[in-house]
Structures are given as C-alpha cells and as structure tokens.
There are 2 protein chains.
Amino acid sequence: MRGTNRPSLKDVAAIVGVSTASISRCINNPQKVAEPTRLRIKKAIESLGYVPHFGGRALAINRTNTIGAIIPSMENAVFASGLQAFQEALSHAKVTLLVGSSNYNATQEYDQIRSLLSQGADGLLLIGKDRPKNTQDFLERNSVPHVLAWCFAEHMSSLTVGFDNRKSGQKITKHVIEHGHRKLAVIAGLREGNDRAHERILGIEDAVKANPTVEIVAIEECKYSFNEAGAALDRILAIEKSPTAIICSSDVLAVGAMLRTKDLGLRVPDDLSITGFDDINLARVVTPGLTTVRVPQQEMGRKAAVILLDLINPNRSNAELQSIELTTPIITRGTLAYL
Amino acid sequence: MRGTNRPSLKDVAAIVGVSTASISRCINNPQKVAEPTRLRIKKAIESLGYVPHFGGRALAINRTNTIGAIIPSMENAVFASGLQAFQEALSHAKVTLLVGSSNYNATQEYDQIRSLLSQGADGLLLIGKDRPKNTQDFLERNSVPHVLAWCFAEHMSSLTVGFDNRKSGQKITKHVIEHGHRKLAVIAGLREGNDRAHERILGIEDAVKANPTVEIVAIEECKYSFNEAGAALDRILAIEKSPTAIICSSDVLAVGAMLRTKDLGLRVPDDLSITGFDDINLARVVTPGLTTVRVPQQEMGRKAAVILLDLINPNRSNAELQSIELTTPIITRGTLAYL
DNA sequence: TTCTCGCATGCAAGCGCTTACATTTTTAAG
DNA sequence: CTTAAAAATGTAAGCGCTTGCATGCGAGAA
C-alpha cells in the first residue's frame, strides 16, 4: 500500500463531511455510528480505496495484531506443516504471522527474536525450551508473551505446547529393545543448542541403562540432510561392534541412512533396523515404510496459536493458561525387525 | 515488546542527556553523531533494553521494512523451501517476512493480500500469474510492488521470476513420448484458479498434438494429497484404454499414485510409467526414484527477494528490472520406462 | 584577532490514528 | 410543550519516531 499519495482518514472525512473520529469509529466500532452515516462512510472508503495506515494505528493502540514465529527451518517438513497450521489459526483471528528462521543456531534465533519484536510482534512462537541466558533474559525483561512448541515442561516461566522429547526417545528405544535388539547406534541432529535432539538422546540412554544387556555402540551427530546422515551411517558401520538397529532422532536422518544402506547393498530391516522420529510424509513413502514416532505437528501449531492469542488478548480472562502435553505414538511400519 | 512500560526514545535521551533527535540519528545514521556521544548512547540503549517502537517509526518514515508472501500452502515442500530461501534473503536485508497462505483459493488469496498490505507490507510475493480481475485491479490501483514466482511472462505489468509452466509441461511430455509411450493419462491439481496446473496441462496437450500417434486417455484433477492422487489413479485405471504412462503435475500427486500402484500390485515402471513435477525430497526417496521436472524452488525464492527489495528501495536505480526465466531440467530416475 | 565554515546537536513539526471528553442532536417520558 | 437522558458527532491530545532547519561551537584561514 504505497501509492505516492495514499488516502488518509482525513481524506475520507473530507468527502463524507464528518470528522476523522467518526471514520475511525465506523471502522473499529461500527455500532457507534448511526446507520446512514455509516453507509456514506463505507461508500467513501470504498471509492477512495482507503486502507488504514498500519503505523498510525500501531502507534495509537500500541498493538500490531501480529505474531512472530521463529523456527529452525521450513526446509524440514515437520516445521513447515506446524507453521502452516499455526498460520491458519492466526489468520482466523485476523492476526498476521511474521516468520523468522534460526537455522538451529542460538545466535540467529536471538537476532530474529529482536528483529521480529522490533517489527512489532505482539507475541512469539519459539521452538524448544533451552536457550542461552541472554535470550532468556531478554524475553523476561521485556515480558514478551511467548509459547514454546516442540517441547513440554511444567513449572517453567514459559508456557509450552508439545511433548516430552526425552520420554519419547525412551519410548521408541524401549520399543526397539523389545524387538530383541541389543546393540544400538544413534544418529542425531547436532545437540549443541538443540534441546530436542539432546533430550531424545537422553531418553534413548535412559532406556538403554534400564536394561544391562543393551548397549549403545555409537552416537553420531550430523546436520539434517540425507547426505550427512549417510555419512554418519558410514561412520557407524566402520566401527567393530556392528549395531543391529539405528535409532534416528529425525525422519530426515533416518531416510538419509536408509538411502545409504541401499547404496551399500544392505537390506532394511533384514540386515539393519532403522527408526525415525517426526512422521513426515517421507516416512510413509520410503520403502520399506519407516517405523517412527509421530509428532503432532499440526496440533502443536494450532494449540500454540490459541494460547498465544489468549496471551496477547488485552482483556483476557484471568484464567490460568496451562502448558499442554501431547502424546507421540509410535507408528509401526517396516524398518524395525524382530531379532 | 510490550512490557507495561517499555522505554522510549525520550527515556534514552534523558539518561544520556541529549535530545531524542540525537538518539534517533545514532540509531539510523551513526556517522552523524560524534564518537563519544555515540558510545554513551549505545550504552544507555543497552542498559535500558531499548527497542525502537515499530509503529512510531513506521508512521514517521512511512515504511515498515516488511514484505509479505502469499503461497498456496507450506504443507507442500516445494513452497516451503522456496519460502525458506526467500526469508533468508530478506533477513540479510533486514526486512521481515509476513506470511499468508491461500490454500489454492483465489478469494482467500485476495483476503490475504489485503490483510498483509493492511499490516503494512511494503511489497508482496505472489505465486502464479493468473488472478481474478478484482485482485488484479486492487494490486494496480494501489500500485503494490510485487513479484510473481513460479511462473514466467514477459510484457506483463507484473515482474515474474520463474519458469514457463506450459513449456515445462510440454518438455516432460515430449520426453515421455520419446520413450515410446503413446497412451498417456494426466493427474493434475485442480485447475480452477491455478494457472500452474492449467498451463502444465496445456503444455502436455501441446506435445501430444504435435504427435498424431499419441493420445491422452484421461485427465484427472484432484487435490494435492496422496490419497486423492490414489483415487485419481483408480479412476484412470477404470477406463478401457489403459495408459502406459501417467504424467503428474506435481510430485505429491505422482508419489500418491505410486503408493496406490503398490497397493494394487502394479509395478512401476514395468506396468506403468509415472512422472512428477517439482523434484522435492519425496521424488528422490520413493522407490523407484521418481523421474520428474526440477523446479528451481530456492533460486526463485532468492531472486524474487532481490527483485522485491530493489522494487521497494526508496532510492532505487532507474535500472529497468526484468523478469527472470529459469530452466526446469528433467531429472531422470526410475519411473519412466522405455517401451 | 576576526571571520567563515563545517560539524555536532537541539528544536519542533508532523506522520495517521485512537479515544477521553465535550458538545450537539435525537428520543422519549411527563 | 418541556426536559432529561441517550445517542451521535466533534475536538484535540497524544502515541514514538524522523528530519528540515536553527543554533552553538571550535578550527583554520585571512
């Protein structure tokens, strides 16, 4: 909206022959304006193609009706679909989504937080719960309304909508162990600054420790790409004690590993079992289908939106908002063999 | 940024003991402020945790440094990755991305356009080139800076960054025909309000018409989901003249069809050839690998950002900006058989 | 020493909108 | 008819920031 001379309230007022206040009221509280005037105003607005100036309004009401989301990357379908659900929910409430991406990097996330906030975001959706002190401080000090998705924690200063990554990691591992596997390997995302990856591994270790006959023969971290995962698989296969199952902390990683096994002439799950995490489309499409953990992507997006909208609602009920814990069912397909 | 009492320029000025003008200058034109003052100001800003108020600034400079993108859906990886690239490019230029999604629906797109613009977007990224007259009019009348991606056209009032969907459709079809196929079927996205789907089919028809021995035995439209594509495949197989190849206007559709063939016990490509369009991760992962058309998703995102940034640059060179045509190579994998 | 010029800073006028309060008009009760 | 209350509209003061112009200062030139 940047024609050289966009119409302003004044212009509309001049045409209709009323004060700017009436126009404003007509836009924000139509019932406060008499029917006939309202009609004339509507017509004038229409004919001028008037659109309220965002800055002016934001300045006056100190609110932008805008919410920011900072996700690691839209490249990964799991976040893209969560974001899509989030956006749709916001859209119904007439609030607009600002997007930033952190590339799994805490500094970038901090920058994006500052940036989105300085763009006027009324609230923020963030992924995961661990962040550096300065980021944390910044959020608190400015009392930024925000919710954390993809994780769950009670008794935290922030609200969360998601699941317990550690428990989920433990659950899938237990599942693998129940299939008779004793030597496990792990391919995970880089743990640094990524609590989800970190906690999932912790969960895996929990399950292993609970069972003395089971051991983890290798943990390989790598970026979220097929090729990196393939390389991680190579490293794992290079060690003496071959695992019978590889637990991956993400479907992308799992599928990358599967692709590599194919190149190597290994059969999944006969020669090697592989499990994923996320349950994105890829998991369903690869052959055999990937046994994985379903992450409630869309549900998180939708629920996070609800909470956030409530949080920034100026006349919000004092109703105590609660963190929400969602479940992560195991989806059984074909990559996990009984030993 | 909505602490009950966020600091304003005035507060900073009070602490430093200079006028608000100097603070403003220090933020926007540091070289216009003497070194020592600048340092003191920086310190004060830091200690207060001051962040410029978005509305105030937007009102004063009549610009938001915000660009909107309206894509059909982030659910489809092809758009998600284009959007990711777009966002990154914008981020480098310190501009923020507003996101809306249209769900392949012209009315929703129009609403989102209005919405993003009223949120102050300085410019817009839109997908595809055909839209209803009212949308078109709206864009022109308000002279909204915008670029259209995922399509290409010269001599249009809008700039485009993308490829010629029709030519690409023709190209893959020619490729299929060269493999000896004579009876083709098509699974496409809903054409209504979707010029990409529409033009791809036109291209397919072009290629077929150029070769009298070839015919299209069926064209099925459906939504972009595996199941819908599977159902479309069923409909195609139900007719008498069985096609030997199915050309799909998107990878999602192609993979959905492949999944269904598997259920049906049909072998791809031995019993049936299938081609896709987009070249998203799915195409590489499915077995056999999907022969498809590569769409330069990220390149479009990046280049669209460059153009758009130029377009909204207040002191922009008069350099005539040009639409950009990108190529769409055919990626040969395993779903297209020689007959 | 005086005069200029340039640099650093301050002053103050908006930018377009909302809203508390004041004023006018309408409505309805007596 | 009056008159009070309610409804409709107007007035004007900001919201926080930017920026053209004015001012004050010190340095170098004459």
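Report, for A:Pro132, each distance to the same residue's label point in the other copies, shortest first and in nm; define the point 7 Å along Cα→Cβ.
Those separations, rounded to one decimal, come out as 4.9 nm.
Quick one: compute the contact order of chain A, relative version, from alpha carbon pairs under 8 angstrom and 6+ residues apart, as a percent.
Details: 627 pairs, mean separation 55.2, N = 339.
About 16 percent, as a whole number.
Given H placed 1.01 Å from N in the peptide plane, which residues other than close sequence neighbours of B:Ala153 have an amide H under 5 Å from its amide H?
Under 5 Å from the amide H of B:Ala153 lie the amide H atoms of B:Thr160, each far enough along the sequence or on another chain.
Determine the gain in length on full extension of the stretch B:Ser242-B:Leu326; use 0.36 nm per residue of separation and subtract their C-alpha separation, reporting nm with one decimal.
Details: separation 84, 0.36 × 84 = 30.24 nm, distance 3.48 nm.
Difference between extended and current length: 26.8 nm.
In Å², and per residue, what accessible area does chain B have when probed at 1.4 Å with the other protein chains present? Display every interim value, and only then the final one.
Numbers: 14310 Å² over 339 residues.
About 42 Å² of surface per residue is accessible.
Give the angle, between 0 and 90 degrees and rounded to the nearest 10, that separates the Cα long axis of helix A:165-178 from the longest principal axis of the Cα atoms of chain A.
30 degrees
Tell me, how many Å apart are the Cα centres for the stretch A:273-310 and for the stretch B:153-189?
Centre-to-centre distance over Cα atoms comes out at 33 Å.
For B:Lys167, which lysines qualify as cross-link partners when the Cα separation must be under 16 Å and same-chain residues fewer than eight apart are set aside?
B:Lys129, B:Lys209
Need the per-residue list for the stretch A:119-143: every residue with at least 30 Å² less accessible surface in the complex of protein chains than in the chain by itself, probe 1.4 Å, sorted by number.
A:Gln119, A:Arg141, A:Asn142
Could you tell me which residue out of B:Ala197, B:Thr287, B:Leu117 lies farthest along the dipole of chain B toward its positive end? Charges go on the beta carbon: Lys and Arg +1, Asp and Glu -1, centred on the Cα centre.
It is B:Leu117.
Among the trypsin sites (Lys or Arg not before Pro) within the stretch A:180-266, which fall in a DSSP loop and have no more than 11 other Cβ atoms within 10 Å of their own Cβ? Mind dumping the intermediate values first?
Values: sites: A:Arg182, A:Lys183, A:Arg191, A:Arg196, A:Arg200, A:Lys209, A:Lys223, A:Arg235, A:Lys241, A:Arg260, A:Lys262; in loops: A:Arg182, A:Arg191, A:Lys223, A:Lys241.
Answer by residue number: A:Lys241.
Output wanted: per-residue J couplings in Hz (rounded whole) for the stretch B:107-123, from phi through Karplus 6.51 cos²θ - 1.76 cosθ + 1.60, θ = phi - 60°, x for Gly and Pro.
Calculated HN-Hα couplings, in order: 5, 4, 4, 4, 4, 5, 4, 4, 5, 5, 5, 6, 7, x, 3, 7, x Hz.
Taking amide hydrogens as modeled 1.01 Å from N in the peptide plane, which residues meet the under 5 Å criterion relative to A:Val286, leaving out close sequence neighbours?
Here the answer is none, since no amide H 5 or more places off falls under 5 Å of that of A:Val286.
Which residues, if any, in the stretch A:40-59 have at least 50 Å² less accessible area in the whole protein complex than in the isolated chain, probe 1.4 Å?
Buried on complex formation: A:His53, A:Phe54, A:Leu59.
Report the normalised scattering of the protein assembly as shown as log10 I(q)/I(0) at q = 0.05, 0.09, 0.12 Å⁻¹, calculated by the Debye formula with identical scatterers on the alpha carbons.
-0.27, -0.86, -1.33
Of A:Ile201, A:Ile15, A:Ile247, which has the largest mean-square fluctuation in a 10 Å C-alpha GNM of chain A?
It is A:Ile15.
Gain in length, A:Asn227 to A:Thr20, computed as 0.36 nm per residue apart minus the alpha-carbon separation, to one decimal in nm? Before the final figure, lay out the partial values.
Numbers: separation 207, 0.36 × 207 = 74.52 nm, distance 6.11 nm.
Difference between extended and current length: 68.4 nm.
Within straight cross-link reach of B:Lys10, meaning Cα distance under 15 Å, which aspartates and glutamates are found once same-chain residues fewer than 8 apart are removed?
B:Glu46
Calculate the FRET efficiency for A:Arg114 and B:Leu266 from the Cβ-Cβ distance with a Förster distance of 45 Å, rounded to the nearest 0.05. Write out the running numbers ahead of the final one.
Details: r = 55 Å, r/R0 = 1.21.
Computed FRET efficiency for A:Arg114 and B:Leu266 comes out at 0.25.
Going by amide H atoms built from the backbone, whose H comes under 5 Å of the H on A:Val186, apart from near neighbours?
Hits under the 5 Å cutoff: A:Ala218, A:Ile219, A:Glu220, A:Ile247.
How high is the FRET efficiency from B:Glu35 to A:Arg63, r the C-beta distance, R0 45 Å, rounded to 0.05?
On the way: r = 38 Å, r/R0 = 0.84.
Working from the Cβ atoms, E equals 0.75.
To the nearest hundred square angstrom, how large is the accessible surface buried between A and B, total for both chains, probe 1.4 angstrom? Can you show the working numbers first?
Numbers: alone 16890 and 16870 Å², together 28650 Å².
Rounded to the nearest hundred, the buried surface is 5100 Å².
Set the Förster distance to 30 Å, then compute FRET efficiency between A:Lys94 and A:Arg141 from the Cβ-Cβ distance, nearest 0.05. Mind showing how you got there, number by number?
Working: r = 29 Å, r/R0 = 0.97.
That pair, A:Lys94 with A:Arg141, gives E of 0.55.
Which angle between 0 and 90 degrees, to the nearest 10, do you get for helix B:35-48 versus the longest principal axis of chain B when only C-alpha atoms count?
So the inclination is approximately 70 degrees.
Need one word for the stretch B:165-295: rounded, prolate or oblate. Basis is the Cα gyration tensor (sqrt eigenvalues a ≥ b ≥ c); a/c below 1.5 gives rounded, then a/b vs b/c decides.
Numbers: a/c = 1.31, a/b = 1.13, b/c = 1.16.
It comes out rounded by the Cα gyration axes.
Between copies, how far does the label point of B:Pro30 sit from its twins, in nm, shortest first, when each point is 7 Å from Cα along Cα→Cβ?
B:Pro30 label point versus its equivalents elsewhere: 5.0 nm.
With the Cα gyration tensor of chain B giving a ≥ b ≥ c as the square roots of its eigenvalues, does the rule (a/c under 1.5 for rounded; else a/b larger than b/c for prolate; else oblate) give rounded, prolate or oblate? The partial results should precede the final answer.
Working: a/c = 3.00, a/b = 2.60, b/c = 1.15.
The shape class here is prolate.
With chain A treated as a Gaussian network of Cα nodes joined by springs under 10 Å, which of A:Pro52, A:Pro72, A:Pro212 yields the largest mean-square fluctuation?
Comparing A:Pro52, A:Pro72, A:Pro212 in the GNM, the peak value goes to A:Pro52.
Would you mind counting up the charge near A:Leu48? Only other residues with Cβ under 12 Å from its Cβ, with Lys and Arg at +1 and Asp and Glu at -1.
Working: positive: A:Arg6, A:Lys10, A:Lys42, A:Lys43, B:Arg141; negative: A:Asp11, A:Glu46.
Net of charged neighbours comes to +3.
Using just the helices of the protein assembly as shown, give the 222 nm mean residue ellipticity in deg cm²/dmol: DSSP H runs with n ≥ 4 each add -39,500 (n - 2.57), and the total is spread over all residues, rounded to 500. Show your work: numbers first, answer last.
Values: 26 runs with 308 residues, N = 678.
Theoretical 222 nm ellipticity from helices: -14000 deg cm²/dmol.
Projecting each Cα onto the charge dipole of the protein assembly as shown (Lys/Arg +1, Asp/Glu -1 at the beta carbon, about the Cα centre), which of B:His175, A:Ile236, A:Asn142 comes out farthest on the positive side?
A:Asn142
Just give the residues from the stretch A:74-90 buried by at least 30 square angstrom of accessible area in the all-chains context relative to the isolated chain, probe 1.4 Å, and say none if nothing qualifies.
Buried-area filter returns A:Met74, A:Glu75, A:Ala80, A:Gln84, A:Gln87.
Taking a ≥ b ≥ c as the square roots of the eigenvalues of the Cα gyration tensor of the stretch A:224-339, is the shape rounded (a/c under 1.5), prolate (a/b larger than b/c) or oblate?
Numbers: a/c = 3.24, a/b = 2.85, b/c = 1.14.
Since a/c reaches 1.5 and a/b is larger than b/c, the shape of the stretch A:224-339 is classed as prolate.
Roughly speaking, what is the stretch gain from A:Asn28 to A:Met156, that is 0.36 nm per residue apart minus the C-alpha to C-alpha distance, in nm to one decimal?
Value of the extension gain: 42.4 nm.
For the stretch B:72-148, which trypsin sites (Lys or Arg not before Pro) are in a loop by DSSP, counting at most 12 other Cβ atoms within 10 Å?
On the way: sites: B:Lys94, B:Arg114, B:Lys129, B:Lys133, B:Arg141; in loops: B:Lys94, B:Lys129.
The qualifying sites are B:Lys94.
May I ask you to list the trypsin sites (Lys or Arg not before Pro) in the stretch B:273-339 that are in a DSSP loop and have at most 13 other Cβ atoms within 10 Å of their Cβ? If you can, show how the numbers build up before the last one.
Working: sites: B:Arg284, B:Arg294, B:Arg302, B:Lys303, B:Arg316, B:Arg333; in loops: B:Arg316, B:Arg333.
Loop-located and lightly packed - B:Arg316.
May I ask you to give the percent of accessible area on the protein assembly as shown that is carbon plus sulfur, with a probe radius of 1.4 Å? Kindly include the intermediate steps, with their values, before the conclusion.
Numbers: 14120 of 28650 Å².
The C+S portion of the solvent-accessible surface of the protein assembly as shown is 49 percent.
The values are calculated or read from the model by the stated rules, or taken from the named source; none is laboratory data. All figures in this text were calculated on a predicted structure; none of them were measured in a lab. A quick note on method: Cβ atoms are made from the backbone with ideal geometry, for glycine too, and the neighbour counts reach across all protein chains shown. Surface areas here come from the heavy atoms of the whole protein model, side chains and all, with no ligands, DNA or RNA. Shrake-Rupley method; radii C 1.70, N 1.55, O 1.52, S 1.80 Å.
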